[in-house]
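Asks: First, the structure itself, so that you have it in front of you.
The values are calculated or read from the model by the stated rules, or taken from the named source; none is laboratory data. In this text, all values refer to a predicted model and were calculated from it rather than measured experimentally. Glycine gets a Cβ as well: all are built from the backbone with ideal geometry, and neighbour counts include every protein chain shown.
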């Protein structure tokens, strides 16, 4: 065999080995979530994002993706190629990244609602286990409420509890940070969630957006005067979000949220707070009111002293 023929033989064997290796690599199975959120950006950005989320993907996959095409941003549905053990081949996974889209449903958290009822909504809308949702939520945040930003989210059908909560909390914390920098010029998590806690009470107490800065001012004025807040809205936490606050409930509720029994603000938000309530909390009205009571029009009558307050009640 001539030297040229020998070199050609070696080259062809190398090419054959290369393609066999690629086909073998693409046939390897791994477990992937049924839906994946693909960020906007280059293939490098996407690969880095997947690595941070512990997906089975590596730098060699960049080469494969450059051949197949860039992944579509947004939610991608990943269908298993092996139904028995619910795994997907590497080749199928990379191909689905560039071709698939997941079916989406709207998920809305309204301002003032608590995680208790929001989780119930998630459970019924997506058929997910309520306790698994609670466990997933607690895994990703230390705050019992007020973390998930009130908004409408596009959520894929088939998403798991852990991935869903990770996504909602991650997106919300980005929103919190963005708003803090926009309003305050900086982001200090402890300071910000102190504002969120007050804003969550403002959200439940104010009859409308126009009242929010005045209600916030009443809270600060009462704190400054060393008075208990004595606000019903603080007792509309968790499962009591829609409950009417009665004298009996005020006496029996021994939680940290009872601002009739405990001075100061609660240690955590009592529900979600809108951007309007947050801004009102950061920029309260310049008034010296200490009391307010709901009037016949459905809004509130504010007063500076207890005598005026009694007159408003009467």
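Residue-by-condition table, conditions (1) assigned to a helix (DSSP H, G or I); (2) at pLDDT below 95; (3) touching a helix residue (DSSP H, G or I) at 6+ places or on another chain (Cβ under 9 Å):
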residue	(1), (2), (3)
222	yes, no, no
244	no, yes, yes
260	no, no, yes
265	no, no, yes
272	no, no, yes
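Asks: Check residue 109 against each of (1) surrounded by 14 or more Cβ atoms within 10 Å (Cβ to Cβ); (2) in the same structural domain as residue 23 (by TED's automatic domain parsing); (3) in contact with a helix residue (DSSP H, G or I) (Cβ under 8 Å, 6 or more places away or on another chain) and name the one condition it does not meet.
Replies: (2)
Asks: Against the definition (part of a strand (DSSP E or B), buried (at least 20 other Cβ atoms within 10 Å of the Cβ) and touching a residue at least 12 places away in the same chain (Cβ under 8 Å)), how does residue 76 come out, yes or no?
Replies: Criteria met by residue 76.
Asks: To continue, here is another question. Just one of 40, 79 is modelled with pLDDT of 85 or more and either farther than 17 Å from residue 163 by Cα or under 22 Å from the mean Cα position of the chain (by Cα) (or both); which is it?
Replies: The unique qualifying residue is 40.
Asks: Name the single residue that is nearest to residue 117 (Cα to Cα) among those in the stretch 178-188 being in contact with a helix residue (DSSP H, G or I) (Cβ under 8 Å, 6 or more places away or on another chain) and free of Cβ contacts under 8 Å to residues at least 60 places away in the same chain.
Replies: Only one residue tops the list, namely 180.
Asks: Considering every residue within the stretch 113-128, establish whether at least one is loosely packed, with under 14 Cβ neighbours inside 10 Å, part of a loop (DSSP other than H, G, I, E, B) and not assigned by TED's automatic domain parsing to the domain that holds residue 54.
Replies: yes
Asks: Keeping to the stretch 79-91, report how many residues are buried (at least 20 other Cβ atoms within 10 Å of the Cβ) and either without any contact (Cβ under 8 Å) to a residue 40 or more places away in the chain or assigned to a strand (DSSP E or B) (or both).
Replies: The total comes to 1.
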